[in-house]
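The values are calculated or read from the model by the stated rules, or taken from the named source; none is laboratory data. Not measured: the values here are computed from a predicted model. Cβ coordinates were reconstructed from backbone atoms using ideal geometry, including for glycine residues, and neighbour counts include every protein chain displayed.
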Amino acid sequence: MKEGMKAPDFELKDKDDNIVRISDIKNNYLIVYFYPKDDTPGCTIEANDFTYYLDEFKKLNTEIIGISGGNSKSKKKFCKKHSLKVLLLSDSDFKICKSYGAYGEKSFMGRKYNGIFRNTYIIDKNKKIIKIYENVSARNHAKEVLDFLKSL
């Protein structure tokens, strides 16, 4: 994926098994952030930060969606445990992660494996990608994204 490209549409389930489609979202901006796994330390920090700034994002008419593997049950448990207010979607077969270029070979302590990259995509109301953040650090990333949107 590159900035300026049309964002791939998707149809994924949320924590309550509701279907969410990118094409149905009418906000001025949409933040789609990919995270490796529910209820892990970095992913919890990132989801909590996006939840913390949610009201400020809403003032900018911005919807936030977090996507990872797992299922609606793991999303529901993650949201409940940490009082998360962001919309989290399940991509259990990683099809959407792959279509955004947010899935591939990773390495940890010399071991190689496939997984989700911590990437964020800012999409405008025309469904064009206007900004991509790759392999971000979870801490303070939500504020970084918010500051970018405020600068537009």
Legend entry - Identity of the residue in the range 105-131, of a type in the set (Lys, Arg) and within 22 Å of Asp49 (Cα to Cα), that ends up surrounded by the most Cβ atoms within 10 Å (Cβ to Cβ): Arg118
Legend entry - Conditions (1) surrounded by fewer than 18 Cβ atoms within 10 Å (Cβ to Cβ); (2) under 16 Å from the mean Cα position of the chain (by Cα); (3) of a type in the set (D, E, K, R); number of the one not met by Asp91: (1)
Inset, instruction - For Ala47, state whether it is buried (at least 17 other Cβ atoms within 10 Å of the Cβ) and either more than 23 Å from Lys81 (Cα to Cα) or modelled with pLDDT under 95 (or both). - result: no
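Considering the range 127-152 alone, what residues qualify as being in a helix (DSSP H, G or I) and touching a residue at least 12 places away in the same chain (Cβ under 8 Å)?
Going residue by residue through the range 127-152, those that are in a helix (DSSP H, G or I) are 141-151.
Residues satisfying the conditions are His141, Ala142, Lys143, Val145, Leu146, Phe148, Leu149, Lys150.
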